[in-house]
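Below is the structure I would like to discuss, written out as structure tokens.
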Amino acid sequence: MKTIPVIESSLPPFEEYTEEIKCLWDSRFLTNMGIKHQTLEKQLKEYLGSDNITMFTNGHMALEGALEALDMKGEVITTPFTFASTTHAIVRKGLTPVFCDIKSSDGTIDEAKIEALITEKTCAIVPVHVYGHMCNVEAIEAISKKHHLKVIYDAAHAFGVTYKGQSAANFGDISMFSFHATKVFNTIEGGALVYQDPALERKLYYVKNFGIKNQDEVVTVGGNAKMNEFQAAMGICNLRHLNEFIAKRKSLYESYMAQLQDVAGITTFEIQQNVVSNYSYFPILVEGFALSRDELKEQLEAQGIMTRKYFYPLVSDYACYRDQYDSSKTPVARHFAECALTLPLYDILEQEDVDRICNAIKALGSTK
Ligand SMILES: *Cc1c(COP(=O)(O)O)cnc(C)c1O
């Protein structure tokens, strides 16, 4: 039987991409904010409903760039149930992560537990819109205003998500998007920051381009994190197809929901109130099922169905962090790391694949 991968990158038709990059052979201008970069940036401004956007070579460098441009120092409140990038960016910028637990309803930061973690050293909150589920942006804004903290959202999963009609990009001081090959919208590798304060544009430009002001002046110790023209061209093509990609994901997501909602021991996640989703992942929690999460993963794999323990291990349990943190202090996050599994979901997945996956899970659930 055919293997069903857990993820497949979205791609435009081959000729569409080659057509898009043809002019680069005439210009021989391959990077440094050329025509493709400028075009994609303009299109993203429209799509995300913001004038303030800076593109990067990947989401991780964008996140580091956000912390750098805001000149953050001290402690940052974040969650351990995320991809390595979130915490690594904080640490690599010389900051100290302070882990807050998540909510069992959606896996995002538990806003009720943030204030107890604030000290005089706290400078920012870095919440994650896990699986595209929106954090409680209103409560987080109230806390940040009260304590004068910056808010940088890790919105890597939330491109195309809206809350009360507003793009996920427009909450907090800065939101980071990832355009990695595995995300809903990709530029092969890529990322962007959307921010409220237009003064950040200059700073972010310096951060990603060596601090170069002009041919005669270098003004800050910037790094290199520019998006190149081939990445931007892929973005231009994929953006044309984004609505179809999301529509296809939506129909598969709804099919998963219909088939798995009532399976004993499998927890699914409804789309949140007031949220238009991008259907980026189909996560389940394996709790009280006939098999453990790891056994279910293994059994599905034996049938050619690939899944991902996303996220496992918990960041605070990584070899590089576990001496400094105690993951029993974030019990909900730890529980998610033990029970969460994401099922295949992408635009070229077929309805019959989803049926096969759901039938396999149901059959494994009734084995004992
Ligand atoms: C993908 C991802 C990132 C990093 O993005 P890259 O573009 O791969 O650097 C950061 N945070 C989360 C939650 C992600 O899923």
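The values are calculated or read from the model by the stated rules, or taken from the named source; none is laboratory data. Predicted model only: the values in this text are computed from it and were never measured. Every residue, glycine as well, gets a Cβ built from its backbone with ideal geometry; the counts of neighbours run over all protein chains shown. Areas reflect the complete protein model, heavy atoms only, side chains present, ligands, DNA and RNA absent. Shrake-Rupley method; radii C 1.70, N 1.55, O 1.52, S 1.80 Å.
Using the Karplus curve 6.51 cos²θ - 1.76 cosθ + 1.60 with θ = phi - 60°, what ³J(HN,Hα) values do you get for each residue of the range 7-23, in whole Hz, with x for Gly and Pro?
Each residue of the range 7-23 in turn: 9, 9, 5, 6, 9, x, x, 3, 5, 5, 6, 5, 5, 5, 9, 3, 5 Hz.
So what's the back-of-envelope 222 nm ellipticity for the chain, counting only DSSP H runs of four-plus at -39500 (n - 2.57) apiece and dividing by all residues, rounded to 500? Walk me through the numbers on the way to the answer.
Values: 11 runs with 133 residues, N = 368.
My calculation for the chain gives -11000 deg cm²/dmol from helical runs alone.
If you take the square roots of the eigenvalues of the alpha-carbon gyration tensor of the range 130-228 and sort them as a ≥ b ≥ c, do you get rounded (a/c under 1.5), prolate (a/b over b/c) or oblate?
oblate
Choose one answer from VAL91, VAL161, VAL194: the residue with the largest mean-square fluctuation in a GNM of the chain with alpha-carbon springs under 10 Å.
Most flexible of the set in this elastic network: VAL91.
Using a Gaussian network model on the chain with a 10 Å cutoff between Cα atoms, which of VAL207, VAL184, VAL218 fluctuates the most?
Comparing VAL207, VAL184, VAL218 in a Gaussian network model of the chain, the most mobile one is VAL218.
Given contacts defined as C-alpha pairs under 8 Å and at least six residues apart, what's the relative contact order of the chain, whole-number percent?
Relative contact order, the chain: 23 percent.
I've got another one for you. Considering only THR18, THR54, THR31, give the residue with the highest GNM mean-square fluctuation for the chain, with springs between Cα atoms whenever their separation is below 10 Å.
So, out of THR18, THR54, THR31, the one fluctuating most is THR18.
May I pose another question? How much of the accessible area of the chain, in percent, comes from carbon and sulfur atoms when a 1.4 Å probe is used?
In the chain, the share of accessible area belonging to carbon and sulfur is 51 percent.
Using a/c under 1.5 as the rounded threshold, could you call the range 1-107 rounded, prolate or oblate? The axes a ≥ b ≥ c are square roots of the C-alpha gyration tensor eigenvalues, and prolate needs a/b larger than b/c, oblate otherwise.
Numbers: a/c = 2.45, a/b = 1.45, b/c = 1.70.
Oblate is the answer for the range 1-107, as a/c is 1.5 or above yet b/c matches or exceeds a/b.
Okay, moving on. Normalised by the residues of the range 106-246, what does the relative contact order come to in percent, with Cα pairs under 8 Å and at least six apart? Write out the running numbers ahead of the final one.
Values: 227 pairs, mean separation 21.3, N = 141.
Here the relative contact order equals 15 percent.
Between THR122 and residues 5 or more places away or on another chain, which pairs have amide H atoms under 5 Å apart, with H built 1.01 Å from N, and which residues are they?
Amide H to amide H, under 5 Å and 5 or more residues apart or across chains, THR122 pairs with GLU75.
Below 12 angstrom from the Cβ of GLY160, what's the summed charge of the other residues (Lys, Arg +1; Asp, Glu -1)?
Spelling it out: positives minus negatives among the neighbours equals +3.
To check you understand DSSP bridge types, tell me what percent of the beta bridges within the chain (both residues inside) are antiparallel, rounded to 5.
60 percent
Counting Lys and Arg as +1 and Asp and Glu as -1, what is the net charge of the other residues whose Cβ lies under 10 Å from the Cβ of TYR205?
Taking every other residue near TYR205 into account, the sum is +4.
Rule-of-thumb check for the chain: C-alpha Rg over 2.2 N^0.38 Å?
1.01
So for the range 188-299, considering every pair of alpha-carbon atoms, how many percent are separated by more than 24 Å?
Details: 3475 of 6216 pairs.
Summing the P(r) of the range 188-299 above 24 Å gives 56 percent of all pairs.
Excluding GLU189 itself, calculate the net charge of residues whose Cβ lies under 12 Å from the Cβ of GLU189, where each Lys or Arg counts +1 and each Asp or Glu counts -1.
On the way: positive: LYS183, LYS226; negative: none.
Every neighbour counted, the sum reads +2.
With the contact rule set at Cα under 8 Å and sequence spacing of 6 or more, what percent relative contact order holds for the range 77-130?
Rounded, it is 46 percent for the range 77-130.
Applying the Karplus parametrisation 6.51 cos²θ - 1.76 cosθ + 1.60 with θ = phi - 60° to the phi angles of the range 328-340, what ³J(HN,Hα) value in whole Hz is obtained for each residue in order, glycine and proline being reported as x?
Per residue, the Karplus-derived 3J(HN,Hα) values read 6, 7, 10, x, 5, 4, 5, 4, 4, 4, 7, 10, 7 Hz.
Ok, one more. Subtracting the Cα-Cα distance from 0.36 nm times the residue separation, let me have the gained length for ARG202 to ASN243 in nm, one decimal.
Answer, rounded to one decimal: 11.6 nm.
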